[in-house]
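All remarks here apply to the structure that follows.
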């Protein structure tokens, strides 16, 4: 019996398979197609939040090496005249850009990682036909490449098999409600040439170009560099004003139209219309398609031992490039939870597995609402929409807070876990300075390992890098920050925290100010403890006044250092996906015991 059966080997299914396989689980993954659709770029914008997720799993460097182009911002044009630029480089993330890479290359990358680093292999040309559930597992009926049928047994099944998901259809009442948009969209992968490509538009930079005229929008996103130095662009445009198809409310038709064809001539007519007097022409097409949009979400992402993720759980407008990214983040959320349950490290498996749907559904609903409203506003042809569109686009260019809202949305850096999740715990009222539970832990400037493990180099890492040895094992981390000013006594909390009992599925990290570390070794009370060298890290308290990215400043602790004679320590419970489950101040042993007790509500 396999641990997990995954239907669908697109980016979502492949990433989930890789994450589970890396954690030591047996996975059967299949797809009815013959392999990655080489030459079809499809979803090709990777957000900062997805790259942060990849980095947490240890695959970001290899992925970035393979990526096509780094897109630093958006140039906006109205009737061929430049309105302004929105740069992404001010975003609060290590990746202040959109990473352009064809979906086929993303799939090839994940297949390569899966096949070279794990024992799992993708079963191509193999269809999931249906499944049944019992108390101890699922039985999945598949059709192999030779047309023979077979039963595969697994403990859980995940549908990452698109909008027509066999897994979702396999349970009565598992609906996919929403609406169909009648407006058609043109998608093309082309090379753009003409004197204005070099002189006016690119100017040596990688940017997305957005042209609008009336109710029509044209986007041009660079995603690959050709051997001759030219760039290949994804063009997308609406073919008509926004309109909902009332006759197809129950029919799911999200995706590419196999019947209707797009021509290069039609794409160039759109270019001529929207770029005004600019001389730009599309040539050398490798992909031309008509696309239909649905805005839908499943009514829950879990049914007992069955789960859905990605397009099987939600679909929406491709405007903003959120779909693939939201799906990969679904998979990341589900992977560590399934792993802890499968390894017997969950004290309340049902609570942990239920939290997947409870956390991911609100995010999908938010994305659906945002992309739906933007698509409708940008492509509706009426006086109100035309006025709002013109004002909104110009305001986005001229007002910093509007720019910030745009790049936060584009990069997904403001996404948070719903505080109603059963594994996200409210912050005490006296700890409002600390990060909200549900936020992702922000990156910081370097901390120094207290113990010397390399006699040639001091080990300095950001806080996320400090946590990676734990999070990559799907462990939570109890993070205690005891920074104080040099004029104050060292905090008394490192020793009782180090000696406190934590769940097996949780590690611990202690941050001390430099003056509190009396030697570059672990403290005496930690000597002889396995892994103690990974626990103790030093924050240079001398930088607190002039470095906005120190850990203490990033979590709001510095605001409290002068407010009390004996400042508290800050405790953050950080999940394997780097989202914060709880934050509080530690002033008493009872504070510490209560915070650690929260972990035991769902971990062993």
Does residue 37 satisfy the condition of being surrounded by 20 or more Cβ atoms within 10 Å (Cβ to Cβ) and part of a loop (DSSP other than H, G, I, E, B)? no
Looking at segment 245-265, which of its residues are part of a loop (DSSP other than H, G, I, E, B) and either modelled with pLDDT of 80 or more or closer than 20 Å to residue 378 by Cβ (or both)? 245, 254, 260, 261, 262, 263
Matching entry among 247, 241 (being touching a residue at least 60 places away in the same chain (Cβ under 8 Å), surrounded by fewer than 19 Cβ atoms within 10 Å (Cβ to Cβ) and touching a strand residue (DSSP E or B) at 6+ places or on another chain (Cβ under 9 Å)): 241
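Results for (1) part of a helix (DSSP H, G or I); (2) at pLDDT below 95; (3) assigned by the TED database to the domain that holds residue 23; (4) at positive phi, shown as yes or no for each residue.
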| position | (1), (2), (3), (4) |
| --- | --- |
| 58 | no, no, no, yes |
| 62 | yes, no, no, no |
| 65 | yes, yes, no, no |
| 82 | no, yes, no, no |
| 85 | no, yes, no, no |
| 107 | yes, no, yes, no |
| 110 | yes, no, yes, no |
| 129 | no, no, yes, no |
| 140 | no, no, yes, no |
Given the condition within 28 Å of the chain's Cα centre (by Cα) and in a strand (DSSP E or B), answer yes or no: does some residue in segment 266-287 qualify? yes
Residues satisfying the stated conditions in segment 439-460, i.e. within 30 Å of residue 417 (Cβ to Cβ) and not in a loop (DSSP other than H, G, I, E, B): 440, 447, 449, 460
Picking from 384, 367, 397, the residue that is under 30 Å from residue 603 (Cβ atoms) and either touching a strand residue (DSSP E or B) at 6+ places or on another chain (Cβ under 9 Å) or modelled with pLDDT under 80 (or both) would be 367
How many of the residues making up segment 293-311 are within 27 Å of residue 376 (Cα to Cα), assigned to a strand (DSSP E or B) and modelled with pLDDT of 95 or more? 2
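Quick grid of which residues meet (1) within 25 Å of the chain's Cα centre (by Cα); (2) part of a helix (DSSP H, G or I); (3) surrounded by fewer than 16 Cβ atoms within 10 Å (Cβ to Cβ):
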{"residue": "395", "(1), (2), (3)": "no, yes, yes"}
{"residue": "401", "(1), (2), (3)": "yes, yes, yes"}
{"residue": "409", "(1), (2), (3)": "yes, yes, no"}
{"residue": "419", "(1), (2), (3)": "yes, no, yes"}
{"residue": "430", "(1), (2), (3)": "no, yes, yes"}
{"residue": "434", "(1), (2), (3)": "yes, no, no"}
{"residue": "437", "(1), (2), (3)": "yes, no, no"}
Cβ pairs under 7 Å, 6+ apart, first in segment 133-157 and touching a residue at least 60 places away in the same chain (Cβ under 8 Å), second in a loop (DSSP other than H, G, I, E, B) and surrounded by fewer than 16 Cβ atoms within 10 Å (Cβ to Cβ): 133/304; 137/1; 153/1; 154/1; 155/1
Take residue 510 and decide whether it is within 11 Å of residue 480 (Cα to Cα) and assigned by the TED database to the domain that holds residue 473. yes
Would you mind telling me which numbered condition in (1) touching a helix residue (DSSP H, G or I) at 6+ places or on another chain (Cβ under 6 Å); (2) over 30 Å from residue 28 (Cβ atoms); (3) assigned to a strand (DSSP E or B) residue 242 fails? (3)
Checking 367, 424, 384 in turn, the sole residue that is buried (at least 19 other Cβ atoms within 10 Å of the Cβ), part of a helix (DSSP H, G or I), at negative phi and outside the structural domain of residue 245 (by the TED database) turns out to be 367
Would you mind stating whether residue 121 is in contact with a strand residue (DSSP E or B) (Cβ under 9 Å, 6 or more places away or on another chain) and surrounded by fewer than 21 Cβ atoms within 10 Å (Cβ to Cβ)? yes
Tell me, please, whether a residue that is in contact (Cβ under 8 Å) with a residue 60 or more places away in the chain, out of contact with any helix residue (DSSP H, G or I) (no Cβ under 6 Å at 6 or more places or on another chain) and either under 20 Å from residue 56 (Cα atoms) or not assigned by the TED database to the domain that holds residue 548 (or both) can be found in segment 477-488. yes
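The values are calculated or read from the model by the stated rules, or taken from the named source; none is laboratory data. Quantities reported herein were computed from a predicted structural model and do not represent experimental measurements. So basically every Cβ, Gly included, is an ideal-geometry build from the backbone, and we count neighbours across all protein chains shown.
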